[in-house]
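The values are calculated or read from the model by the stated rules, or taken from the named source; none is laboratory data. What you are looking at is a predicted structure, and each value in this text was computed from that prediction instead of being measured. Backbone-built Cβ (ideal geometry, glycine too); neighbour counts: all protein chains shown.
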Amino acid sequence: MDVLEAIAARRSVRKYKKGAAVPKEDIEKMLDAAMRAPSAVNSRPWEFYCSDKEEVKSALMAVHPSCRMLETASWVIAVCARPDLQPGRGFWQQDCGAAIENILLAAKNLGYGTCWCGCYPAQPRADEVQKVLACASVPIALIAVGVPDEEPSAKGFYDSERVHFI
């Protein structure tokens, strides 16, 4: 699958085959893709918390109202920002967004489904996720990863009305 095919085929999946194996090696491939994302002055202001443990996913569902799909997902990847790695710059949100998109596309290429659930800047949601993860970094998003048990229809499309060539 080339990158344009992966972009066109990617969907937010909310139903996964419970208990389906997603090898740690495939999670590491997704994280490798994430860490190849562009970042301001190559500061790479991110870190990742990954778990396939039911108790971690349950704790995250308890504090994040929009990530119920973790009940059937095989893994959760929390993308967290490290603003301290970008002193004097405020681009860590965009940089983490680029890393998140790379995870989604790498997962699609590997045959998995994902769903991006935002944390920051929604407070107190980000604060509660931070407590569950026991981290000092800023939780930007939770990503559910698993073997899809649904095929959502496409929602995105090219809209020429929103394009302005100048």
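Looking only at the stretch 37-65, which residues are farther than 30 Å from residue 87 by Cβ, surrounded by fewer than 16 Cβ atoms within 10 Å (Cβ to Cβ) and modelled with pLDDT of 95 or more? Passing the criteria: 53, 54, 55, 58, 62.
Scanning the stretch 126-155 for residues that are out of contact with any helix residue (DSSP H, G or I) (no Cβ under 7 Å at 6 or more places or on another chain) and surrounded by fewer than 24 Cβ atoms within 10 Å (Cβ to Cβ) yields a total of 18.
Is it fair to say residue 110 is of a type in the set (A, V, I, L, M), crowded, with 19+ Cβ neighbours inside 10 Å and under 18 Å from residue 15 (Cα atoms)? Taking the combined requirement at face value, the residue does not satisfy it.
Any residue at all in the stretch 13-20 that's part of a helix (DSSP H, G or I), surrounded by 12 or more Cβ atoms within 10 Å (Cβ to Cβ) and either modelled with pLDDT of 95 or more or not aliphatic (A, V, I, L, M) (or both)? Break it down stepwise before answering.
Our first condition is that a residue be part of a helix (DSSP H, G or I); within the stretch 13-20, this holds for none.
No - not one qualifying residue is present in the stretch 13-20.
Close Cβ contacts (under 8 Å, 6 or more residues apart or on different chains) running from residues in the stretch 1-20 that are at positive phi to residues that are of a type in the set (Gly, Ala, Ser) and in a loop (DSSP other than H, G, I, E, B) comprise 19/74. Selection of the stretch 17-76 for residues being charged (D, E, K, R) and under 15 Å from residue 99 (Cβ atoms) yields 28, 29, 32, 36, 44, 47.
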